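Worksheet: the structure to be examined is printed underneath.
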Amino acid sequence: MDFGLRANTTTSSWTGFLLALPLLLFLAAAVVWPIGHLAARALTTEGGAALRQVLAAGRYRTALVNSLALSAAAALASLLLSLGPAWVLARERFRGRDLLRTAISLPLTFSGVLVGFLMVVLLGRIGALPKAIGFLTGREALAGAAYTFAGLFVAYLYFEVPRAVVTLESAFRRLPRELDAAARTLGAGPVERLVKVMLPVAAPALRSTLAVTFSASMGSFGVALILSRRFTVAPLEIYTEMTGFLNDDVAGALCLLLALATLAVDRLLAVRRR
Amino acid sequence: MIRKLSLVLAISSIAAFAAAQEKVVIQYDCIPNYANWGGVTALYKQLTGVTVPPDPKGSSVAMAALEKEKEAPQADTAYYSGAIGFQAAGKGLHEPYKPKGWEKIPAALKDPNGLWWTVHTSAIAFVVNTRALGGAPVPRSWQDLLKPVYKGKIAYDDPTWGGTSYTLVYGLNELMGGNETHFKPGIAYLKRLDANVSSYPRESIYNGVLRGEVPIWINADGNGYKMKYVDGAPVEVVIPSEGTFTMPLVMGLVKGAPHKAEAKRYLDWLLTPPAQAEFAKAYFLPVVPGTLPKEIASRLLPEKEYKRARALDLAKMAAAADALKKAWVDEIRGSGR
């Protein structure tokens, strides 16, 4: 009996390993090898010098700090903005729910460059919004906002909010309905139930939503490529170093630090989950 | 017999397929809206059946890609603004080739060994969408551009992306009194201009200018003429009163080109009158004398305007490229806040 169970476990873990093998090989080729390559490069004289150059005060470090700040802000804001819609989608039944869900997740299919152009059309110098404001109030406002930090931030929200809604909705769906029902029986209103019961239970899901949106923002490139005028982010500097200056060492060092920073924040959010 | 026939058919169709596959020339920096590459490559396809697919890289990016692929080249040829092509040749990314019609290219516009040669020339100008100016007058000089009335209305490409803009930045520095090692005068001017600049694009904003998103684009004059005469946009091309710079646009045969024979035929053809006239449709001036169509010539600004356009030394420009681009990134694009 005991033997049988053990044998069984071994078989299934082997099957699991075999099933996971293609993904493991892919990860080795697409993640471990490049990061290892970059890390090994950072240990060489040139690589080390580039790393120090990136970490010293200046454009590169600013870009990394900007990336961290913008991604954290976008992750937090998109979490707050998506709580309500995700809750409604997960818990309420109403006509047009599927349509609403589709509409919300549509931006996920757009590439960053496309989102950038969308912002230009919306908030550019002759954007639709400035024109509309001008028509209504007689005085144009927000013209060219697309190229400012605010424009960049809104563009990030544009693709992070759907991501957060999708992640949160499925988490909210898995929450035990009995808890909600019990709280209701005890006389808690909808807001109280959300804040005092559901959110604490959903805390791990909130943290993983933050991790997902944060990582996506850290790696995002196309939006900043189109919109960034002065505010720079790490992926943009990597592009400039690679294409404008053929400076592989600095580009590699930036890549490595960007990846490590993203992993560190994700780990932090995951550790607190326990 | 039938089996034999079908075998022959099969083999010949495979061969035909392979041949059809081979009929391609890869050109880095082949932007359809720039210098009418779209029209030129379409005409070549029509005449020969050979496809030259569009490619969105600017000069600098094209050179970077060639450098990365040095061991296993993917491209057959590349197109650059002069200094970047000169630099790419200097890096050993090209192999010598003298296309047919070589002797017709003026000596200053080609490498004596055939590492690069000019296909057409252009001049830096203000491309002004007059309807988008919002009542402001058309700027006539570099000093005009600094006026507050143009705030948010000017754009020029990021010089680390495109060679046209590198030509602009280098030329301006010379015009303002700098030289290939002394960038302060140019950077000082561009810093003041920065107050009026809405963006430093790293993609073609040709359509943005047409729509009026960008009222003033400092770029190749040919792009402005094309907007005016081909797209019918309310665009005026201005040669600034203090002077401007000419820009040879050059090509070279990539070392180890995968479709070398086909690429040579294509490069030969680009210097023939029909190809040169096709470039001229985008108002980039043919390098081969006598191929500029009359109706195009009559639409250009009068010759006296172009007297103010000076030629730049490609060798000095190439030598200064990295340092000047870095100075621009540090001082103009800013420390990134």
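All of the numbers you see were taken from the coordinates with simple rules; none came from a lab. Note that this is a predicted model, so its numbers are computed, not measured. Methodologically, a virtual Cβ is constructed for each residue, glycine included, from the backbone with ideal geometry; neighbour enumeration extends over all protein chains shown.
Observations
- Furthest towards positive pole of dipole, A:THR185, A:VAL212, A:VAL271, structure part region A:141-274, Cβ charges: A:THR185
- Translational diffusion coefficient (Stokes-Einstein; Kirkwood radius from C-alpha pairs) of chain B at 20 °C, 1.002 mPa s, in µm²/s: 103 µm²/s
- Across region A:57-63, coupling constants 3J(HN,Hα) worked out from phi with the 6.51/-1.76/1.60 Karplus curve, θ = phi - 60°, read 4, x, 4, 5, 5, 4, 4 Hz, and Gly and Pro carry x.
- About its Cα centre, region A:137-274 has a charge dipole of approximately 740 debye under the convention of +1 per Lys or Arg Cβ and -1 per Asp or Glu Cβ, with nothing else charged.
- Dipole-positive endmost among A:GLY96, B:LEU93, B:SER199 within the protein assembly as shown (Cβ charges, Cα centre): A:GLY96
- Distance distribution note for chain A: the fraction of Cα pairs above 24 angstrom is 63%.
- Pairwise Cα separations in the protein assembly as shown fall into 20 Å bins from 0 onward with the following percentages, short to long: 17, 43, 29, 10, 1, 0.
- Quarter of Cα convex hull surface for region B:284-331, i.e. mean projection, nm²: 5.4 nm²
- Positive minus negative residues near B:GLY252 (Lys, Arg vs Asp, Glu; Cβ under 13 Å): +2
- Around the Cα centre of the protein assembly as shown, unit charges on the Cβ atoms of Lys, Arg, Asp and Glu (plus for the first two, minus for the last two) sum to a dipole of about 1340 debye.
- Close amide H pairs (under 5 Å, H built 1.01 Å from N) link B:PHE245 with B:ILE124, B:ARG310, residues at least 5 positions away or on another chain.
- The share of alpha-carbon pairs in region A:84-178 lying farther apart than 23 Å comes to 42%.
- Test item: A:120-133 mean partner chain Cβ contacts at 10 Å: 3
- When each of the peptides A:116-129, B:307-320 is scored by how many other beta carbons lie within 10 Å of its residues on average, the order from highest to lowest is A:116-129, B:307-320.
- Ranked A:HIS37, B:HIS94, criterion: other C-beta atoms within 10 Å, fewest first: A:HIS37, B:HIS94
- Pair-distance profile P(r), taking every C-alpha pair of region A:24-75, with 5 angstrom steps and integer %: 5, 19, 14, 15, 20, 18, 8, 1
- Cα-based convex hull volume of region A:1-126 per residue, rounded to whole Å³: 273 Å³
- Taking chain A and dividing mean pair separation by its residue count, relative contact order in percent (alpha carbons under 8 Å, at least six apart): 28 percent
- Simple Cβ-charge dipole of chain B, Lys/Arg +1 and Asp/Glu -1, about Cα centre, in debye nearest 20: 320 debye
- Kirkwood hydrodynamic radius of region B:52-194, Cα pairs, Å: 17.6 Å
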